[in-house]
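Below is one structure, written out as structure tokens; the observations come after it.
The values are calculated or read from the model by the stated rules, or taken from the named source; none is laboratory data. Predicted, not measured: the structure shown is a model, and the values here were computed from it. Because the Cβ atoms are built from the backbone with ideal geometry, glycine has one as well, and the counts that use them run over all protein chains shown.
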Amino acid sequence: MASESKQSLEGKVALVAGATRGAGRGIATELGAAGATVYVTGRTTRDRQSEYKRPETIEETADLVTAAGGKGIAVRVDHLVPQEVEALVARIRAEQGQLDVLVNDVWGGETLFEWNKPVWDHNLENGLRLLRLGVDTHLITAHFALPLLIERPGGLLVEVTDGTAEYNADHYRLSPFYDLAKVSVNRLAWAHAKDLAPHGATSVSITPGWLRSEMMLGHYGVSEENWRDGTKIVPHFVISETPRFVGRAIAALASDPERARWNGQSLSSGGLARVYGFTDLDGSRPDAWRYVVEVQDAGKPADATGYR
């Protein structure tokens, strides 16, 4: 993000729900880089792992927020447990007296969906668990956190999903459960926009592109330093982006005094980069969803020229 906006969120308080790794970690870090106090939640701490059995922790994310220039506060929360979310919001109220940005990034379904299987062949228990993790968590968090967000005009709610509303409307996401979860989050942002507008708050959904998360890099056997080797496995990985890119998109939104113009809209990291002018860490500006339609889905050879 441009240097002049580095501290544009100083004095602001954000909650990134689901910030252990991936997009949530990148978003929290960039909100910190803009000067915000950021509460980061998840289920994996230095003392306790979730069923993912991954090494990333919320304390690491909080440290990244602080190192970037903000103040990171890690709180272990299972967003499927209403009492834990209620206690989290009560803590934010007691410690800060305000909430300016809520990012609903809770997910946790990577190990639960099965590609290219109809509902009768898909594991039902896993599919229903995926919906609880990907949809119920967002509703529970909004239920408790939005009353604090609307106490001061100008609040921002960001619902993080996969795919724009336009793309998901006519593209099947290869699993009935995954498809429903990701479409639902776009619709949630649209619905919340109707309720938040009278309070001077803004609600949007946002999708990153092909995310170079810790799990995705591990899946391809590469690191951030040699990520392009992943294109030998899947050539279209050439359009991928770091989790910090969508973080910069949200930081730009939160810093925009005219952000209400986006209320109810489905946005993407690449689309917002064209508007606000930020780049990914390598200085590029990947526009993944335009690439997916015009190159990948069109059956053309992988080539990101003109798309980053």
- [ ] Please determine, by comparing only the residues of segment 122-166 that are more than 22 Å from Ala87 (Cβ to Cβ) and among the polar types (S, T, N, Q), which one is surrounded by the most Cβ atoms within 10 Å (Cβ to Cβ).
- [x] Thr161
Open item on the list: Against the conditions (1) in contact with a helix residue (DSSP H, G or I) (Cβ under 8 Å, 6 or more places away or on another chain); (2) within 26 Å of Asn126 (Cα to Cα); (3) at pLDDT 95 or above, where does Ala189 fall short? Just the number, please.
Closed with: (1)
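Within segment 194-215, how many residues turn out to be farther than 24 Å from Gly26 by Cβ and buried (at least 18 other Cβ atoms within 10 Å of the Cβ)?
Residues of segment 194-215 farther than 24 Å from Gly26 by Cβ: 194-200.
From the residues that got through so far, the ones that are buried (at least 18 other Cβ atoms within 10 Å of the Cβ) too are 196.
The total comes to 1.
Look through segment 55-77, keep the residues that are part of a loop (DSSP other than H, G, I, E, B) and crowded, with 16+ Cβ neighbours inside 10 Å, and return whichever of them is modelled with the lowest pLDDT. It would help to see each step written out before you state the result.
As a first pass, look at segment 55-77 and keep what is part of a loop (DSSP other than H, G, I, E, B): 55-57, 69-70, 77.
Retained after the next criterion (residues that are crowded, with 16+ Cβ neighbours inside 10 Å): 56-57, 69-70, 77.
Numbers: Glu56: 88, Thr57: 94, Gly69: 97, Gly70: 97, Val77: 97.
Ranking the qualifying residues of segment 55-77, first place goes to Glu56.
Conditions tested, residue by residue: (1) in contact with a strand residue (DSSP E or B) (Cβ under 8 Å, 6 or more places away or on another chain); (2) basic (Lys, Arg).
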| residue | (1), (2) |
| --- | --- |
| Pro82 | no, no |
| Leu102 | yes, no |
| Arg132 | no, yes |
| Leu139 | no, no |
| Gly163 | yes, no |
- [ ] Would you please list the contacts, defined by Cβ atoms under 6 Å and residues six or more apart or on different chains, that run from a residue in segment 146-173 that is touching a residue at least 60 places away in the same chain (Cβ under 8 Å) to a residue that is of a type in the set (A, V, I, L, M, F, W, C) and surrounded by fewer than 21 Cβ atoms within 10 Å (Cβ to Cβ)?
- [x] none
- [ ] Output the number of the condition that Val85 fails; it satisfies all remaining conditions of (1) at positive phi; (2) not in a loop (DSSP other than H, G, I, E, B).
- [x] (1)
Open item on the list: Residue pairs, Cβ under 8 Å, 6 or more apart or interchain, first in segment 270-282 and of a type outside the set (D, E, K, R), second surrounded by fewer than 15 Cβ atoms within 10 Å (Cβ to Cβ). List them.
Closed with: Gly277/Ala2; Phe278/Ala2
Open item on the list: With the structure loaded, tell me whether Glu30 is within 19 Å of Leu211 (Cα to Cα) and either part of a helix (DSSP H, G or I) or of a type in the set (A, V, I, L, M, F, W, C) (or both) or whether it fails that test.
Closed with: yes
Task: Given (1) closer than 20 Å to Val185 by Cα; (2) of a type in the set (A, V, I, L, M, F, W, C); (3) touching a helix residue (DSSP H, G or I) at 6+ places or on another chain (Cβ under 6 Å); (4) touching a residue at least 60 places away in the same chain (Cβ under 8 Å), number of the condition Leu99 does not satisfy - done: (1)
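From the list Val103, Val119, which one is in a strand (DSSP E or B) and either exposed (fewer than 15 other Cβ atoms within 10 Å of the Cβ) or out of contact with any Ser or Thr (no Cβ under 8 Å at 6 or more places or on another chain) (or both)? Spell out the reasoning first.
Details: Val119 fails: in a strand (DSSP E or B).
Unique residue meeting the criteria: Val103.
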